[in-house]
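> Supplied in structure tokens, the structure appears directly below.
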Amino acid sequence: MPDGTCKLLIVDDEPSLRKALRASLTASGFEVAEARNGDEALAVLPHTPVDVVLLDINMPGRSGIEVCRKIRESSMRTGIVMVTVRDSEEDKVQALNAGADDFITKPYLLREMIARLNAVMRRLRVQQGAADAILRAGNLELDAQRRLLLKNGIEIHLSPKEFDLLAYLFRHQGAPLTHERLLHAAWGPEFGGEFEYLRSYVKMLRKKIEDDPAHPQYILTEPWVGYRFRNPSDPESPAPDDE
């Protein structure tokens with residue numbers, strides 16, 4: 001069951017797939033609407049707001065990436081989960097840089113899709129109230145207003161950029177974040193290709209917050225994409241693979 005009633009829009013050009021998804025997700029407690037393509041989705045959304053959009057990346061006409069970008073330009077509170085093709089890392093990076101909150105790869109299991117949709121909804125709720133909140137994950141506590149990080153109640157000194165980077169990761173717990181998006185968030189829009197620069201900061205953060213930096217539990221590598229911040233106290237958060 002979703003965390004509360006969730007209004008969801010399926011955007012896919014295959015009628016049989018939309019029908020099957022609608023039946024399965026409705027049975028799982030979602031309130032589901034459909035759009036046959038990107039143009040129809042963009043026409044529907046201003047009049048029928050939804051909590052999350054399940055958006056296929058490969059559709060005739062307007063691409064899923066373009067639709068994602070248009071949705072994100074008009075709303076930061078609508079979750080977007082892109083459906084991508086297996087082993088296409090470029091699609092995943094493009095989707096996330098266009099504003100998607102997460103992606104799921106075909107073929108997928110229904111329970112995996114529901115878990116990702118629910119995770120996106122939880123993150124959006126956290127982000128809406130996170131600006132001045134004290135955020136917690138595992139044995140870490142981050143006070144954004146006072147720019148303070150505690151581990152097991154002891155202050156951990158961070159440089160200003162380390163704090164900015166960690167705070168952004170903290171606010172997007174569980175979300176895959178591309179190198180480009182993290183560079184933009186912590187250093188500004190003029191940054192985007194300095195991947196080694198970002199990796200060096202992640203390495204420094206891991207040394208400061210991880211019990212074993214060689215086997216991180218918080219800042220996980222998302223292969224070919226970027227990083228994902230994990231809350232070890234979240235029972236639904238998957239255990240990390242070895243880095």
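Every number in this text was worked out from the coordinates using simple rules, so none of it is lab data. On a predicted model such as this, the values are computed, not experimentally measured, just so you know. All Cβ positions, glycine included, derive from the backbone under ideal geometry; neighbour counts span all protein chains shown.
> Helix-derived [θ] at 222 nm for the chain: sum -39500 (n - 2.57) over DSSP H runs of at least 4, divide by residue count, nearest 500?
-12000 deg cm²/dmol
> OK, next. Starting from the Cα of LYS208, draw a straight line to each of the lysines and keep only those under 17 Å, dropping any in the same chain fewer than 8 residues away.
By straight Cα distance, LYS208 reaches LYS151, LYS161.
> Taking just the alpha-carbon atoms of segment 72-201, what radius of gyration and Dmax come out, in angstrom?
15.9, 45
> Determine ³J(HN,Hα), in whole Hz, for all residues of segment 51-58 in sequence, where each value follows from phi through the Karplus function 6.51 cos²θ - 1.76 cosθ + 1.60 and θ = phi - 60°; x replaces Gly and Pro.
Karplus values, whole Hz, x for Gly and Pro: 7, 8, 10, 9, 10, 6, 7, 10.
> Follow-up question, since we're still on this one. Once amide H atoms are built 1.01 Å from N in the peptide plane, which residues 5 or more positions from THR105, or in another chain, come under 5 Å H to H?
Under 5 Å from the amide H of THR105 lie the amide H atoms of THR84, each far enough along the sequence or on another chain.
> Give me the Å³ per residue figure for the convex hull around the C-alpha atoms of segment 134-229.
So the per-residue hull volume is 92 Å³.
> 7 Å from Cα along Cα→Cβ at both GLN145 and VAL44: what's the point-to-point distance in nm?
For GLN145 paired with VAL44, the spin-label model returns 4.1 nm.
> Rounded to whole Å and ordered largest first, report the semi-axes of the equivalent ellipsoid of the chain derived from its Cα gyration tensor (root of 5λ).
Result for the chain: semi-axes of 32, 19, 17 Å.
> May I ask you to list, by number, the DSSP H helices of the chain whose Cα span along the axis is at least 24 Å and whose average Kyte-Doolittle hydropathy reaches -1.0 or more?
Long hydrophobic helices here: 110-128.
> Of the listed peptides 66-74, 150-158, what is their order by residue-averaged count of other C-beta atoms within 10 Å, with the highest listed first?
66-74, 150-158
> Okay, moving on. Mind checking which aspartates and glutamates have their Cα closer than 13 Å to the Cα of LYS92? Skip sequence neighbours fewer than 8 apart in that chain.
Output for LYS92: ASP56, ASP101, ASP102, GLU180, GLU222.
> Pairs of Cα atoms under 8 Å, at least six residues apart: use those to get the relative contact order of segment 7-128, whole percent.
RCO, segment 7-128: 22 percent.
> What's the center-to-center distance, using Cα atoms, between segment 24-54 and segment 67-122 in Å?
14
> OK, next. Any idea what the relative contact order of the chain is, in percent, if you count C-alpha pairs under 8 Å spaced at least 6 apart?
Normalised by residue count, the contact order of the chain is 13 percent.
> State the Kirkwood hydrodynamic radius of segment 7-128 in Å, one decimal place, computed from all pairs of distinct Cα atoms.
Averaging 1/r across every pair of different Cα atoms and inverting gives 14.1 Å.
> Would you mind telling me the antiparallel percentage of the DSSP bridges in segment 7-128, rounded to 5?
Antiparallel bridges make up about 0 percent of those DSSP assigns within segment 7-128.
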